[in-house]
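The structure under discussion appears below in the form of structure tokens.
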Amino acid sequence: MSVIVIGLVLGVLALMPSIRLGDTLEAWLSAPSSFGWLSFDLVFIVLMTVWVQRCRCISKALIICACGLVIGLLFVLRSMMAYVQFEQHTISQSHTVTAITDVSEISDSIYDPVSESAYRQKVTITDIRPTNRPQATNATISANPFGEISESVASDAIELPNSMNVLLSASPRRDQNNPALAQLNNLIPNTSAKLTLLIEPISTQKSASGFDSNVWLRTRDIHATARVLSVDQIESADDYRISTRLQGLRQRLRAHFYEDWHDYDIFNQQARAVTLSLLTGDRSLISRQTKDLYQLAGISHLLAISGMHVLFLALILAGLTSWLLDKFPKVYGAVSRKQIRLIIMVAASLIYATFTGFDVPAVRTVYMLGAVALARYFVLPVSNLSLLFIVALIMTWLDPYVLWQAGFWLSFVAVLLLMRYESTPIQEVTTATRIWQKAKSATALQLWLFIGMLPVSILFFGKVSLWGVLVNLFAIGLFGSIILPINLLAGVIYAISPSLADGLWSLSSWILLKLHTALEFGLVGDSWLYVPFGMLGLVLAVLAILPMLSKALPKSAAIIPLSVLLMLLMNGHFYTPKDAKPTAKVIKTDNQALQVVLIQHQSHSWLLLADFGIKSLPDGQIDVLIDELKRLGVRNLTGVVAQNSGQALTKLTAAIHARLPIERYWRAGQGVLKLANVIDEPCQAGQIHQYDGVSIRMLTGWQQINDVAVWDCAIEISSELGFNIDQPMEAESDELLPSDIKQIIVNAATHEDVWHLWRLLCVDMDIMPRPEAGASLWLSHAFAKDDADVMVDFEATLWRAR
């Protein structure tokens, strides 16, 4: 039942953007009282279902099925309500506005010009008023955010929501000419300010890494992004809610850890940053490199506030309370010790979860503790597994978008796996044998969790670190038995003795520093597991794991999906038909000026790189590209072609070579890149490489001419078998892609002189093999210089890579 309901909710949320609701239904769903009525109906139906199960009815099964259908319908309506109410606060285009900002939680990151750390903060804005400034692009506003008034913008005609949740952003690198933005660090919980913002609708495009900002922002109830243009005076607000007060305490702890921050070296900074994260869930001080290190080690889950953190603090406080109440034994005459401890644990977990930002794993722990407490108090015949599914449904009812969070699935699947794990009891044996049995049990548990979590991890992150199996064996014990208790104990005594708390936090940071050093030196090699066989393989992996989770299914039921999965892997890696067509794929990147084309055939892979004005190429974008190549099954590259000269492609090629073997490197221009065991050749017109019916020819590129305008290298790829276009590209016209493509011209010209010179030198088209009419594809970038006459000569269809 729970699985069906969750599937319905996911389906409704996915289909809602394409569904047109009637005005009456939409008005009812958007009404504030609708949630209360739906919740009342749900409770009534659930109670009726429980009553029917316990009574003797003639049509008992039929009534239960009908109640199940009604419950499913109520969840569908709740999902539609969540979508409609969210859309009421969204915008369809960018606006420059002034607004009052109310801050109720700490920022995601800190504005720091020294480390060039960008500022990011979720806030609620009210009194939203459009200005008369033009709705400019980011570049225009960066150059002149307070430009002349545009009479073409009628601010009175703009309709904006009364209030919105937005994600503020400001970058020291981008906004270096605006020193007033340093005040943003003073936007702490229980403050407000009047800001000038450029608010923009949420993008529905996924990044090259697969990150979906639309999904992530919706799960945080954020309706738009907002770039800060100016900050007026920041004032204290009168918000006396407990949650805001707790966020204020969280902010003070951040300020305490941030004191003299720049006096520490980067290694001690990150040890202190992780210490703060383990205490409050505040990851604002953790660098990208540290997050990548934890991800490579497979222990990034330890940085999040999980049930382990909540339970530890709850147990500490419950133990202290019991110790105090033992001095007053008469109390136990009214309430038992177990009930008192359980009440303290539930209350402490609720307060701590609110303090740390109410992340999904912490919320799940709070609800589970509450459900267990109620089940024990009322002596309900409910198993822990049933309580887990009930908690999942409650969280889904309160916020359907929680199903889009990776933390929801990782948290519940991990608990489910732990519940279903069958450990072997340790016998009364010698100490050495007992230690060996415990080590085997811990290893078996880690393998069980790794295999069980594999489909979910691959689905959300695209890759899994194999180091995680080994590192988690000692890391979970280190964090759970040493680092975490020290951290939480220091947090409890911080109000009484700050100096003693600092000593404990220093000890925790020292242990983390040693751990980071060991991980950096110990984690070597490429340990990422990628799944290149797509969604079918993922489904098969899930089917293989289901018999391990359900006692109703025999373990032998996993043989069939595992066998099919093994055949897929063998077919993809060890066997490719000789008559298979080459595949051409345009790889998406987050850099609009970078074009990446991958040609794959048999065991050969060619990577074509073009630079159309790359200003910077961060390491993160390079890592995303290499990860995508590995997901596509590329283990080595037959060749890399840098179609333009410049440092950006040189840096990119060197980074790729560090992680993937490259056989040959063709480069445009007069530069030289020395790579070990790589054939380095200039990319010049007339150069050709042939293998297995595929021909790669350089059409342009004359580095012997001392003019950068004619160095760009256009490439012609021909195949007798034709090509498969793996990813649709943006058509220049409504003309369909030719069904039998046998020639692809990848244009990388940044100057018109390239094709002018080609027409002068290559006028004799008879020297070039001509494919059938309409079988040529002219692949070009939006920033590339195309030549219509040359395209006519090739009889090629124009398609844009972007």
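The values are calculated or read from the model by the stated rules, or taken from the named source; none is laboratory data. Remember, predicted model here, so these are calculated numbers, not experimental data. Backbone-built Cβ (ideal geometry, glycine too); neighbour counts: all protein chains shown.
I'd like the full set of residues that are within 18 Å of ASP221 (Cα to Cα) and either within 25 Å of the chain's Cα centre (by Cα) or assigned by TED's automatic domain parsing to the domain that holds TRP404 (or both), limited to region 89-102.
Within region 89-102, the subset within 18 Å of ASP221 (Cα to Cα) is 89-92, 101-102.
If the condition is that a residue be within 18 Å of ASP221 (Cα to Cα) and either within 25 Å of the chain's Cα centre (by Cα) or assigned by TED's automatic domain parsing to the domain that holds TRP404 (or both), then HIS89, THR90, ILE91, SER92 are the ones that fit.
Hey, could you check region 68-115 for residues that are in a strand (DSSP E or B) and not aliphatic (A, V, I, L, M) and say which is surrounded by the most Cβ atoms within 10 Å (Cβ to Cβ)? Steps first, please.
Kept after step one, since they are in a strand (DSSP E or B), are these residues of region 68-115: 95-103, 109, 112.
Filter once more, so that each one left must be not aliphatic (A, V, I, L, M): 95-96, 98, 101-102, 109, 112.
Working: HIS95: 23, THR96: 23, THR98: 17, THR101: 25, ASP102: 18, SER109: 16, ASP112: 18.
Across region 68-115, the extreme among qualifying residues is THR101.
Give, as residue ranges, the helices (runs of 4 or more DSSP H) completely inside region 198-290 that count at least 3 residues that are among the aliphatic types (A, V, I, L, M). Spell out the reasoning first.
Details: elements: 213-219, 242-258, 266-280.
Here the list reads 242-258, 266-280.
Would a scan of region 701-711 turn up a residue that is of a type in the set (D, E, K, R), modelled with pLDDT of 85 or more and surrounded by 17 or more Cβ atoms within 10 Å (Cβ to Cβ)?
Looking only at region 701-711, we keep the residues that are of a type in the set (D, E, K, R), and these are 707.
Filter once more, so that each one left must be modelled with pLDDT of 85 or more: 707.
Filter once more, so that each one left must be surrounded by 17 or more Cβ atoms within 10 Å (Cβ to Cβ): none.
No; the residues of region 701-711 include none that is of a type in the set (D, E, K, R), modelled with pLDDT of 85 or more and surrounded by 17 or more Cβ atoms within 10 Å (Cβ to Cβ).
List, please: which pairs have Cβ atoms under 7 Å, are six or more places apart or on different chains, and start with a residue in region 346-361 that is in the same structural domain as LEU374 (by TED's automatic domain parsing) and surrounded by fewer than 21 Cβ atoms within 10 Å (Cβ to Cβ) and end with one that is modelled with pLDDT under 85 and of a type in the set (A, V, I, L, M)?
Hits for this filter: ASP359/ALA304; ASP359/ILE305.
Would you please name the residue that is nearest to ALA314 (Cα to Cα), looking only at residues in region 347-357 that are in a helix (DSSP H, G or I) and under 28 Å from the mean Cα position of the chain (by Cα)? Break it down into steps so the answer makes sense when it comes.
Let us first name the residues in region 347-357 that are in a helix (DSSP H, G or I), namely 347-355.
Those left that are additionally under 28 Å from the mean Cα position of the chain (by Cα): 349-355.
On the way: SER349: 6, LEU350: 9, ILE351: 10, TYR352: 9, ALA353: 11, THR354: 13, PHE355: 13 Å.
Of everything passing the filter in region 347-357, SER349 is nearest to ALA314 (Cα to Cα).
Every residue in region 297-308 that is in a helix (DSSP H, G or I), in contact with a Ser or Thr (Cβ under 8 Å, 6 or more places away or on another chain) and buried (at least 20 other Cβ atoms within 10 Å of the Cβ), please.
First, the residues of region 297-308 that are in a helix (DSSP H, G or I): 297, 300-303, 307-308.
Going one step further and asking which of them are in contact with a Ser or Thr (Cβ under 8 Å, 6 or more places away or on another chain), we end up with 297, 303, 307.
Across region 297-308, the qualifying residues are ALA297, GLY307.
Among the residues of region 721-731, write down those that are loosely packed, with under 14 Cβ neighbours inside 10 Å and either at pLDDT 90 or above or not aliphatic (A, V, I, L, M) (or both).
Step one: list which residues in region 721-731 are loosely packed, with under 14 Cβ neighbours inside 10 Å, which gives 726-728, 730-731.
Matches in region 721-731: ASP726, GLN727, PRO728, GLU730.
List pairs: first in region 379-397 and without any contact (Cβ under 8 Å) to a residue 60 or more places away in the chain and under 18 Å from PHE35 (Cα atoms), second assigned to a helix (DSSP H, G or I) and of a type in the set (A, V, I, L, M), Cβ under 8 Å, 6+ apart or cross-chain?
MET395/VAL360; MET395/VAL363; MET395/VAL402
Give me a count of the residues in region 261-290 that are of a type in the set (Lys, Arg) and buried (at least 16 other Cβ atoms within 10 Å of the Cβ). Spell out how you get there, then give the answer.
Initially, region 261-290 is screened for residues of a type in the set (Lys, Arg), giving 272, 283, 288.
Next, from what is left, pick out any that are buried (at least 16 other Cβ atoms within 10 Å of the Cβ): 272, 283.
Counting residues in region 261-290 that are of a type in the set (Lys, Arg) and buried (at least 16 other Cβ atoms within 10 Å of the Cβ) gives 2.
Which condition number in (1) of a type in the set (Lys, Arg); (2) in contact with a strand residue (DSSP E or B) (Cβ under 9 Å, 6 or more places away or on another chain); (3) within 27 Å of VAL624 (Cα to Cα) is the one that LYS194 fails?
(3)
Can you find even one residue in region 407-422 that is without any contact (Cβ under 8 Å) to a residue 40 or more places away in the chain and outside any helix (DSSP H, G or I)?
Taking every residue of region 407-422 in turn, at least one turns out to be without any contact (Cβ under 8 Å) to a residue 40 or more places away in the chain and outside any helix (DSSP H, G or I).
Go through region 358-397 and give me each residue that's assigned to a loop (DSSP other than H, G, I, E, B) and within 19 Å of SER243 (Cβ to Cβ). Quick ask: steps written out before the conclusion?
Taking region 358-397 first, the residues assigned to a loop (DSSP other than H, G, I, E, B) are 358-359, 378-383.
Selection gives PHE358, ASP359.
Here's the yes/no breakdown for (1) within 30 Å of VAL114 (Cα to Cα); (2) outside the structural domain of PHE358 (by TED's automatic domain parsing); (3) touching a residue at least 12 places away in the same chain (Cβ under 8 Å); (4) not aromatic (Phe, Trp, Tyr):
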| site | (1), (2), (3), (4) |
| --- | --- |
| THR204 | no, yes, no, yes |
| ALA208 | yes, yes, yes, yes |
| LEU217 | yes, yes, yes, yes |
| ILE234 | yes, yes, yes, yes |
| LEU246 | yes, yes, yes, yes |
| LEU249 | yes, yes, yes, yes |
| TYR258 | yes, yes, yes, no |
| THR275 | yes, no, yes, yes |
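Check VAL52 against each of (1) surrounded by 16 or more Cβ atoms within 10 Å (Cβ to Cβ); (2) among the hydrophobic types (A, V, I, L, M, F, W, C); (3) closer than 26 Å to GLN85 by Cβ and name the one condition it does not meet.
Exception for VAL52: condition (3).
What number goes with the only condition from (1) more than 30 Å from LEU529 (Cα to Cα); (2) without any contact (Cβ under 8 Å) to a residue 12 or more places away in the chain; (3) part of a helix (DSSP H, G or I) that GLN690 does not pass?
(3)
Would you confirm, using the coordinates I've provided, whether VAL46 is within 31 Å of the chain's Cα centre (by Cα), surrounded by 12 or more Cβ atoms within 10 Å (Cβ to Cβ), part of a helix (DSSP H, G or I) and at pLDDT 80 or above?
Details: within 31 Å of the chain's Cα centre (by Cα): no; surrounded by 12 or more Cβ atoms within 10 Å (Cβ to Cβ): yes; part of a helix (DSSP H, G or I): yes; at pLDDT 80 or above: yes.
No: the conditions fail for VAL46.
Would you please name the residue that is surrounded by the fewest Cβ atoms within 10 Å (Cβ to Cβ), looking only at residues in region 649-692 that are of a type in the set (Lys, Arg) and farther than 27 Å from SER718 by Cα? I'd like the intermediate steps shown before the answer.
Of region 649-692, the ones of a type in the set (Lys, Arg) are 651, 659, 664, 667, 674.
Add one more test, that the residue is farther than 27 Å from SER718 by Cα, and what stays is 651, 659, 674.
Details: LYS651: 15, ARG659: 14, LYS674: 8.
Going through the qualifying residues, I end up with LYS674.
With among the small types (Gly, Ala, Ser), closer than 30 Å to ASP221 by Cβ and without any contact (Cβ under 8 Å) to a residue 24 or more places away in the chain as the only criterion, which of SER33, SER39, SER59, SER79 stands out? Talk me through it step by step, then tell me what you get.
Values: SER39 fails: without any contact (Cβ under 8 Å) to a residue 24 or more places away in the chain; SER59 fails: closer than 30 Å to ASP221 by Cβ; SER79 fails: without any contact (Cβ under 8 Å) to a residue 24 or more places away in the chain.
Going through SER33, SER39, SER59, SER79 in turn, the sole match is SER33.
Of all residues in region 495-505, count the ones that are more than 17 Å from ARG254 (Cβ to Cβ) and surrounded by fewer than 17 Cβ atoms within 10 Å (Cβ to Cβ).
Taking region 495-505 as the starting set, the residues that turn out to be more than 17 Å from ARG254 (Cβ to Cβ) are 496-497, 499-500, 503-504.
With surrounded by fewer than 17 Cβ atoms within 10 Å (Cβ to Cβ) added as a condition, the list becomes 496-497, 499-500, 503.
Residues flagged as more than 17 Å from ARG254 (Cβ to Cβ) and surrounded by fewer than 17 Cβ atoms within 10 Å (Cβ to Cβ) within region 495-505 amount to 5.
With respect to LEU311, is the statement that it is at pLDDT 80 or above and either crowded, with 20+ Cβ neighbours inside 10 Å or out of contact with any His (no Cβ under 9 Å at 6 or more places or on another chain) (or both) true? Quick ask: steps written out before the conclusion?
Details: at pLDDT 80 or above: no; either crowded, with 20+ Cβ neighbours inside 10 Å or out of contact with any His (no Cβ under 9 Å at 6 or more places or on another chain) (or both): yes.
Spelling it out, it is not the case that LEU311 is at pLDDT 80 or above and either crowded, with 20+ Cβ neighbours inside 10 Å or out of contact with any His (no Cβ under 9 Å at 6 or more places or on another chain) (or both).
Of the conditions (1) part of a helix (DSSP H, G or I); (2) under 21 Å from LEU484 (Cα atoms); (3) of a type in the set (S, T, N, Q), SER322 satisfies every one except a single condition; which number is it?
It fails just one condition, (2).
Can you tell me which residue within region 222-240, out of those that are under 27 Å from TYR352 (Cα atoms) and over 31 Å from the mean Cα position of the chain (by Cα), is modelled with the highest pLDDT?
Looking at the filtered set, the residue picked out is SER236.
I'm trying to understand the selection: among the residues of region 325-345, which are of a type in the set (Gly, Ala, Ser) and not in a helix (DSSP H, G or I)? It would help to see each step written out before you state the result.
Taking region 325-345 first, the residues of a type in the set (Gly, Ala, Ser) are 333-334, 336.
Within region 325-345, ALA334, SER336 qualify.
Conditions: (1) over 27 Å from the mean Cα position of the chain (by Cα); (2) not in a helix (DSSP H, G or I). VAL464 meets all but one. Number of the miss?
(1)
Within region 687-713, can you find the residues that are of a type in the set (Phe, Trp, Tyr) and out of contact with any strand residue (DSSP E or B) (no Cβ under 9 Å at 6 or more places or on another chain)? Walk me through it before giving the result.
Of the residues in region 687-713, the ones of a type in the set (Phe, Trp, Tyr) are 691, 702, 711.
If the condition is that a residue be of a type in the set (Phe, Trp, Tyr) and out of contact with any strand residue (DSSP E or B) (no Cβ under 9 Å at 6 or more places or on another chain), then TRP702, TRP711 are the ones that fit.
How many residues are farther than 20 Å from LEU249 by Cβ and either in contact with a strand residue (DSSP E or B) (Cβ under 8 Å, 6 or more places away or on another chain) or buried (at least 20 other Cβ atoms within 10 Å of the Cβ) (or both) when one looks only at region 476-494? Please lay out each step first, then the result.
Step one: of region 476-494, the residues farther than 20 Å from LEU249 by Cβ are 476-483, 485.
Still in the list and also either in contact with a strand residue (DSSP E or B) (Cβ under 8 Å, 6 or more places away or on another chain) or buried (at least 20 other Cβ atoms within 10 Å of the Cβ) (or both): 479, 483.
Going through region 476-494 one residue at a time, the tally reaches 2.
Go through region 172-197 and count every residue that is part of a loop (DSSP other than H, G, I, E, B) and modelled with pLDDT under 90. Let's see the steps before the verdict.
Of region 172-197, the ones part of a loop (DSSP other than H, G, I, E, B) are 172-178, 187-190.
This time we only want the ones that are modelled with pLDDT under 90, so: 172-178.
The qualifying residues number 7.
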